[in-house]
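See below for the structure under consideration.
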Amino acid sequence: MKMPNLGLGTFRLTGQPLRDSLLQGLELGYRHIDTAQIYANEAEVGQLMAESGVPRQDIYLTTKVWTSEFGQGKVIPSLEMSLEKLGTDYLDLALIHWPSPRDEVPMAVYLEQLAEAKARGLTREIGVSNFTVAQLKEAIDILGPGAIAHQQVEVHPLLQNRKVVEFCQAQGIAVTAYMPLAYGKVLSEPLLMEIGQRHGVSAAQVSLAWLLAQGMAVIPSSTRRENLTANLAALKVTLSSDEMAVIATLDRGERCANPDFAPAWDN
């Protein structure tokens with residue numbers, strides 16, 4: 001199954017907010033769910049998927065392996081635990097959530113285990129998240145060209161991560177943009193609001209359309225039906241080449257996800 005371009009992000013969602021997001025989202029037609037071991041909601045996600053009545057094979061499901069599970073012999077058991085929680089026998093995509101902080105675990109150790117998980121059928125595709133260009137090059141050297149299917153990274157008009165995005169695209173690595181609305185910062189961006197008015201849509205929809213037009217998948221998070229519906233409608237927004245170019249001038253390096261264990265970013 002090909003990853004749908006628009007997915008449901010579940011970062012920081014548990015309990016009723018997660019229920020509102022997933023059940024309404026699946027009802028509206030979303031078929032791509034993104035979770036992670038560190039989100040502590042995999043079991044709830046699995047329950048809600050089952051409750052929704054949408055067949056498992058119709059949902060593209062991603063989870064991410066946390067840094068504590070990188071050591072020798074740990075990645076596969078951690079993914080088996082994720083599968084048990086999610087109530088499924090396979091993932092569509094398994095990602096390394098962050099590169100090992102300060103390279104405490106050599107990259108080859110956890111990436112080779114991830115590749116083994118794919119070989120065993122635990123996941124259909126594998127990838128990484130929050131890797132720099134140098135780390136992506138190292139990953140390709142370890143697993144070989146074509147093995148890394150996806151890179152999930154923060155991208156939005158205020159942080160465009162061009163070096164990483166361009167490298168991924170040149171290598172045939174699909175990019176998923178997380179935090180595509182910059183925690184709501186884009187909603188009040190005058191230029192995006194102005195372009196939105198021209199199209200009869202919101203600044204949020206313009207931001208999503210801008211990312212989608214560059215061939216990226218997006219995983220905004222929302223619990224409100226009207227926002228879930230509006231995000232889906234971004235698939236139908238077509239921006240002109242001039243609009244695409246002027247949005248590209250908004251890059252201010254405004255990074256939302258920058259924990260103390262983050263790698264040395266490219267920009």
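The values are calculated or read from the model by the stated rules, or taken from the named source; none is laboratory data. Values in this document were obtained by computation on a predicted structure and should not be read as measured data. Note that each Cβ is placed from the backbone with ideal geometry, even for glycine, and that neighbours are counted across all protein chains shown. The accessibility values were calculated without ligands, DNA or RNA, using every heavy atom of the protein model including side chains. Shrake-Rupley method; radii C 1.70, N 1.55, O 1.52, S 1.80 Å.
What to note about this one:
- Residue within segment 92-108 that is in contact with a strand residue (DSSP E or B) (Cβ under 8 Å, 6 or more places away or on another chain), among the aromatic types (Phe, Trp, Tyr), open to solvent by 10 Å² or more (accessible area, probe 1.4 Å) and free of Cβ contacts under 8 Å to residues at least 40 places away in the same chain present: no
- Residue check for SER221: in contact with a Leu (Cβ under 8 Å, 6 or more places away or on another chain) and under 19 Å from ARG31 (Cβ atoms): yes
- Subset of segment 147-174 [on the phi > 0 side of the Ramachandran plot and open to solvent by less than 10 Å² (accessible area, probe 1.4 Å)]: ASN161
- Filter result (open to solvent by 50 Å² or more (accessible area, probe 1.4 Å) and either part of a helix (DSSP H, G or I) or hydroxyl-bearing (Ser, Thr, Tyr) (or both)) within segment 244-256: ALA245, VAL246, THR249
- Some residue of segment 257-267 being part of a helix (DSSP H, G or I) and either modelled with pLDDT of 95 or more or acidic (Asp, Glu) (or both): no
- Residues located in segment 56-91, provided they are in contact with a strand residue (DSSP E or B) (Cβ under 8 Å, 6 or more places away or on another chain) and basic (Lys, Arg): LYS64
- Against the test of being more than 19 Å from MET81 (Cβ to Cβ), under 15 Å from the mean Cα position of the chain (by Cα) and modelled with pLDDT of 95 or more, the options LEU28, LEU23, LEU6 yield a single qualifying residue, LEU6.
- Count of segment 160-204 residues which are touching a Leu at 6+ places or on another chain (Cβ under 9 Å) and under 13 Å from ILE247 (Cα atoms): 9
- Among the conditions (1) touching a residue at least 40 places away in the same chain (Cβ under 8 Å); (2) surrounded by fewer than 16 Cβ atoms within 10 Å (Cβ to Cβ), GLY15 misses just one, which is (1).
- Those residues of segment 226-239 which are open to solvent by less than 50 Å² (accessible area, probe 1.4 Å) and not in a helix (DSSP H, G or I), in sequence order: VAL237, LEU239
- Test result for LEU28, under 22 Å from ALA234 (Cα atoms), hydrophobic (A, V, I, L, M, F, W, C) and out of contact with any strand residue (DSSP E or B) (no Cβ under 9 Å at 6 or more places or on another chain): yes
- Test: residue in segment 203-217 that is out of contact with any helix residue (DSSP H, G or I) (no Cβ under 9 Å at 6 or more places or on another chain), part of a helix (DSSP H, G or I), farther than 23 Å from GLN151 by Cα and without any contact (Cβ under 8 Å) to a residue 40 or more places away in the chain: no
- Hits in segment 175-202 (condition: buried (at least 16 other Cβ atoms within 10 Å of the Cβ) and not in a helix (DSSP H, G or I)): VAL175, THR176, ALA177, TYR178, MET179, PRO180, LEU181, GLU189, VAL201, SER202
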